[in-house]
Amino acid sequence: MSSSLPSLLLYPQDPDYRPADTGTLIASLQDAGLIGESVDDLPGQRYAAGPSFLQHISFLGCSPAVEFEPEVPGSEQFCHAGILYSGHLQFRGGPQQVQVHCRQCRHRETDWAALIDAWRADPQNHRYICPECGAESHATDLNWRKTGAFAHLFIELYNIYPHEAVPTDGILKRLREATGVDWKYIYVR
Ligand SMILES: [Zn+2]
């Protein structure tokens with residue numbers, strides 16, 4: 001499920017990674033205090049921010065005003081988390097601010113939406129051919145900077161604007177320990 005809220009998304013660097021079950025990861029995130037109780041009046045697997053959220057997610061402003069409670073029940077306009085798991089590889093990015101570059105020559109592909117449409121139509125066989133240097137790439141191998149990513153599993157932290165906050169090394173390490181793979185992050189809005 002995609003959302004129009006600005007988000008910070010954590011994801012495993014290996015696009016082929018799939019968890020044996022998401023329950024173990026969720027328990028680990030709750031144990032770390034990144035996430036708290038499930039939020040039942042929102043669709044999907046949503047969780048309140050946990051008691052140690054601000055220790056794991058570092059806001060860059062001097063005194064950020066982070067809302068951890070919705071003004072009205074059912075509103076999505078507060079800082080909370082979602083666990084998004086799919087058996088099929090997913091792309092997350094955009095709709096604004098997507099930057100994708102060829103890794104050979106750094107050519108920027110401006111029509112990223114068409115590229116993603118073509119990839120979705122045939123993920124196995126799709127190749128991007130760089131109009132500048134001719135290099136052939138899987139969509140997953142292009143440089144999406146911190147604006148797009150492919151994964152089966154995302155941890156979405158809602159209502160965080162691009163570069164407003166970063167995950168600490170500590171929580172990325174904890175995710176690696178919980179899953180056995182390295183984690184990275186992007187911003188979507
Ligand atoms: Zn190129």
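The values are calculated or read from the model by the stated rules, or taken from the named source; none is laboratory data. Everything quoted here is computed from the prediction, not taken from an experiment. Here Cβ is always computed from backbone atoms with ideal geometry, including for glycine, and neighbour counts include all displayed protein chains.
Taking the listed residues LEU115, LEU142, LEU153, the one that is on the phi < 0 side of the Ramachandran plot and more than 15 Å from the ligand (Cβ to nearest atom) is LEU153, with no other qualifying.
Against the condition buried (at least 18 other Cβ atoms within 10 Å of the Cβ), within 21 Å of GLN13 (Cβ to Cβ), within 16 Å of the ligand (Cβ to nearest atom) and under 13 Å from the mean Cα position of the chain (by Cα), how does TRP183 come out, does it pass? Taking the combined requirement at face value, the residue does not satisfy it.
Might you let me know whether region 92-111 holds any residue that is modelled with pLDDT under 95 and touching a strand residue (DSSP E or B) at 6+ places or on another chain (Cβ under 7 Å)? Looking through region 92-111, at least one residue is modelled with pLDDT under 95 and touching a strand residue (DSSP E or B) at 6+ places or on another chain (Cβ under 7 Å). Listed by first and then second residue, the pairs with beta-carbon distance under 7 Å, at least 6 apart or on different chains, first residue in region 83-105 and on the phi < 0 side of the Ramachandran plot and within 16 Å of the ligand (Cβ to nearest atom), second in a loop (DSSP other than H, G, I, E, B) and β-branched (Val, Ile, Thr), are GLN99/THR147.
If I ask for residues that are surrounded by fewer than 16 Cβ atoms within 10 Å (Cβ to Cβ) and of a type in the set (D, E, K, R), which ones from region 29-58 would you list? Residues satisfying the conditions are ASP31, GLU37, ASP40, ASP41.
Among the residues here, TYR161 does not qualify as of a type in the set (Ser, Thr, Tyr), crowded, with 16+ Cβ neighbours inside 10 Å and in contact (Cβ under 8 Å) with a residue 12 or more places away in the chain.
Within region 119-138, if we keep just the residues that are more than 8 Å from the ligand (Cβ to nearest atom) and free of Cβ contacts under 8 Å to residues at least 12 places away in the same chain, the residue that is surrounded by the fewest Cβ atoms within 10 Å (Cβ to Cβ) turns out to be GLN124. Out of ILE116, ILE26, one residue alone is of a type in the set (Val, Ile, Thr), without any contact (Cβ under 8 Å) to a residue 40 or more places away in the chain and either crowded, with 16+ Cβ neighbours inside 10 Å or outside the structural domain of ARG176 (by TED's automatic domain parsing) (or both). It is ILE116.
Here GLU156 fits the description: within 13 Å of the chain's Cα centre (by Cα) and of a type in the set (Asp, Glu).
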